[in-house]
1. Ignoring ligands, DNA and RNA, please state the percent of accessible area on the stretch 125-206 from carbon and sulfur, probe 1.4 Å.
2. Could you name the lysines in cross-link range of LYS35, using Cα to Cα under 17 Å and dropping any fewer than eight places away on the same chain?
3. Tell me the volume per residue, in Å³, of the convex hull enclosing the alpha carbons of the stretch 148-236.
4. Which is farthest toward the positive dipole end of the stretch 126-236 among ALA147, SER196, VAL221, measuring Cα position about the Cα centre, with Cβ charges +1 (Lys, Arg) and -1 (Asp, Glu)?
Amino acid sequence: MNQSFYAAAVAASQQQQSLNVVSNNIANINTIAFKTEQAQFSELLYRTYQGAENEVFRGSGSRIMQTSTNFADGALMARSGGQNYAINGDGFFAVRNPDTNQISYTRAGSFHWGNLENNVNEFYLCDAEGNYVLDQNEQPILMGEDAEAQYPVGVFDFINTNDMQHIGNNKFVPVEKNGDVLAGTGQVVFGAVEGSNADLATQFTKIIEAQRSYSYALKMVQTQDEIESTINSLRG
């Protein structure tokens, strides 16, 4: 395939993926503790050609290498009644999957009563998916009879949060570069939840950028097609 066609096709495809990332951010603008993601681009292989006077470098375009997560705090919103928690500052809540025992980390603190191992006389603090919310000792939190009482929800953190793996539903698991889990420095706020950190104006700006880049890539294809048509007609 002609190099120009290839670079333009790659650009159009990658900008479409970038739009998908932005669209997901906008769709979750009202999701509790949602953290926005951003597509990160990297240049593809360059090839060297011998020009008339010196070497000429011709690129193959760029592609999305990964999506990074913005862990900036969202605004705290008061929510009375039930078991609602937020973190003021750095850190995550920890929740444990009862089936796999996998611990994941989240900033979404809208919790409720849950039953552990079908023991009808004991109820534990759980998230919306039935995962057990953990205290600072990484143990499930046994609830008393008062559904409105505050319970000792733990706060955890890592040396850095770069490239934490997003497993869906606002949950993350650490990778090797994040280091061991540490006690978080953020303060638990009872009777509140954290809002999404997605900013609508910023996301709309990114949509415009991606649409313009997509349009330029298609224009490049059109221009190259016209050049190829002209060359073929001259050959004929």
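The values are calculated or read from the model by the stated rules, or taken from the named source; none is laboratory data. Keep in mind it's a predicted model, so treat the numbers as computed, not measured. With ideal geometry, Cβ positions are generated from the backbone for all residues, glycine too; neighbour counts draw on all protein chains shown. Note: areas computed on protein heavy atoms with side chains; ligands, DNA, RNA excluded. Shrake-Rupley method; radii C 1.70, N 1.55, O 1.52, S 1.80 Å.
1. The computed percentage sits at 49.
2. List returned: LYS171, LYS206.
3. Details: hull volume 16.5 nm³, N = 89.
Dividing the Cα hull volume of the stretch 148-236 by its residue count gives 186 Å³.
4. VAL221
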